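The values are calculated or read from the model by the stated rules, or taken from the named source; none is laboratory data. The shown structure was predicted, so the numbers you read here are calculated from the model rather than taken from an experiment. Methodologically, a virtual Cβ is constructed for each residue, glycine included, from the backbone with ideal geometry; neighbour enumeration extends over all protein chains shown. Remember, those area values only see protein heavy atoms, side chains included, never the ligands or the DNA or RNA. Shrake-Rupley method; radii C 1.70, N 1.55, O 1.52, S 1.80 Å.
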Amino acid sequence: MTYPVTLIPGDGIGPELAEASRRVLDASGVSFAWEVVDAGEAVMAEYGTPLPDHVLASIRRNRVALKGPITTPVGEGFRSVNVTLRQALGLYANVRPALSMKGLDSRYQGVDLVIVRENTEDLYAGIEHMVGRDAAESIKIITREASMRIARYAFEYALANDRHMVTAVHKANIMKLTDGLFLECCRTVAADYGGRVAFQDRIVDNMCMQLVQKPEQYDVLVAPNLYGDIISDLAAGLVGGLGVAPGANIGTEAAVFEPVHGSAPKYAGQNKANPTALILSGVLMLRHLGETAAANRVETALRDVIAEGRDVTYDLGGTAGTSEMADAIIARLATRPVAAS
Ligand code: NAD
C-alpha cells in the first residue's frame, strides 16, 4: 500500500531537513505518495496568508502530514501558522517524547519522558488587546471539555505504551479557576484509571526544578498549552537539545508530525542542521500508520549512526552535514532486511 502524506517543508532549516527526512522515510520499505505544499513566509506574497486553504485541504484529505518548522514573527506580523493549523484541524494533543540515546552528549542518562501538551487553548487562544496605551491583556482559556480530553489522552497513551505514571503540571495555587479546572479534570480522569496508571501533580515551577534534578523519576506529563511548550523544550535539553526532539499533533480527523524545534534561521541553507528531530517525527508517523517494523528499523538505524558518532551534525559533536547524516542512516537501512509489519 502507498500512503498519501502531506509534506510541508517549512521555513529556515525546514526545507533541507524535510528533504533529508523524506529520503530516509522512502528508504524505510514503506511507500509514500508525498504531496508537497508550502506554508509560511515563502507563500505570504503569493497568497496573502502564510497558511493557504489548499494546505489545510491537503492535510484534511490525506489525514497525515509531516511538517518542517515555520517562522512566526515576534511581536508583530502574521499569527503563528503552527497554532492556527492545530486549532483549525482540532489537533488537540501534542505528544513530545524526550528519550536519552547512546552517543548523545547530555548531562543525564536514563531519561524517558513523554510530554502530552494540550494544543488548542490556554494563552494560545490568541485573544489579546491593549487596555489604553500602556497596558495589554491576554485571555487564558481553559475548558472542561479540552482538559478532560487531554487528560484522557494522556492516560490512554500511558496504558497503550506500557507507562505507569501520569503527572499533571499546573499553577493552580495562583490560577485557581483556570489551572484549578485543569487539575480537577485530570483528577477526575485519573480516578477512572486507578490501579492501572498512577497519578500525581506538580506545580509548574517545582516541576521544572524536579526535571533538572531527577528527570528519570518522571514518565508521562500532561500540561496545558503554555507549560507544555516550555517543559518540552526543557525536556529536549535534558536529552541532547532541540535537534533531537520529535513531536506529534494528534486530532480525530488528522495528525501532523513535526519537530519541537523552530526554523533556526541562522542555519538556513547551510546543510548544517540536525535532521534527527524531523526523522524521529517521521518515526512517530510510521507508528501512527501502524507501520511498526519500519518505524523500528528507521529508529534503530538513526540510533546506530548517533551512537557511532561519525556521521552526525555539529550539535552532536560531528562535522557531517544534514544530507550526509541522512545518507549514513539510509546506508544503515540498506543493510537491514525489510520485515513485514
Ligand atoms: P529554534 O528552535 O528555531 O532554534 C533555537 C536554537 O536551537 C538554534 O539557534 C539552534 O542552535 C538550535 N536548533 C534548533 N533546531 C536545530 C536543529 N535541527 N539542529 C541543530 N540545532 C538546532 O528556536 P527560535 O530561534 O526561538 O525560533 C526560530 C523561529 O522558529 C521563530 O520564528 C519561532 O516562532 C519558530 N518556531 C516554530 C516552531 C514550529 O514550527 N513548530 C516551533 C518553535 C519555534
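Accessible-area rank, largest first, for Y124, Y3: Y124, Y3, with all protein chains present and a 1.4 angstrom probe. The listed residues K140, K266, K272 rank as K266, K272, K140 when sorted by accessible area, largest first, using a 1.4 Å probe. Which shape class applies to segment 162-253: rounded if a/c is under 1.5, otherwise prolate when a/b exceeds b/c and oblate if not, where a ≥ b ≥ c are the square roots of the Cα gyration tensor eigenvalues? Rounded is the answer for segment 162-253, as its axis ratio a/c remains below 1.5. In this simple spin-label approximation, T2 and V212 carry label points 7 Å from Cα along the Cα→Cβ vector, and these lie 5.0 nm apart. Estimated at 0.36 nm per residue, the fully extended path between E145 and T319 surpasses their Cα-Cα distance by 57.8 nm. Put a dot 7 Å past the Cα of S106, heading toward its Cβ, do the same for D134, and the two dots end up 4.6 nm apart.
What does the charge count near K272 come to, summing +1 for each Lys or Arg and -1 for each Asp or Glu among other residues with Cβ under 11 Å from its Cβ? Neighbour charge sum, excluding K272 itself: -2.
Would you mind classifying segment 193-297 by shape? Square roots of the alpha carbon gyration tensor eigenvalues, ordered a ≥ b ≥ c; an a/c under 1.5 is rounded, otherwise it is prolate if a/b is larger than b/c and oblate if not. Since a/c reaches 1.5 but b/c is at least a/b, the shape of segment 193-297 is classed as oblate. Given a 1.4 Å probe and the protein chains as shown, M130 ends up with an accessible area of around 120 Å². With a cut-off of 19 Å on the backbone N, the residues of segment 93-135 near the modelled label site 7 Å out from Q200 along Cα-Cβ are 98, 109-116.
Listed by chain and number, the lysines placed with their C-alpha closer than 25 angstrom to that of K67 are K266, K272; residues fewer than eight positions away on the same chain are left out. When a 1.4 Å probe is rolled over the protein heavy atoms, the share of accessible surface on segment 3-139 that falls to carbon and sulfur comes to 51 percent.
Summarising the label geometry, the points placed 7 Å from Cα in the beta-carbon direction at R336 and R60 lie 3.7 nm from one another.
Legend: helices of the chain (whole DSSP H runs) are marked when their alpha-carbon atoms reach 15 angstrom or more along the helix axis and their mean Kyte-Doolittle hydropathy is at least 0.0; marked are 178-192, 225-238, 276-288, 292-308, 322-334. Residue ranking by accessible heavy-atom surface, 1.4 Å probe, largest first, among T2, T300 comes out as T2, T300.
At a probe radius of 1.4 angstrom, the accessible area of the chain per residue rounds to 43 square angstrom. Give the carbon-plus-sulfur fraction of the accessible surface of segment 146-285 in %, rounded to a whole number; probe 1.4 Å, heavy atoms of protein chains only. The nonpolar share, carbon plus sulfur, comes to 55 percent.
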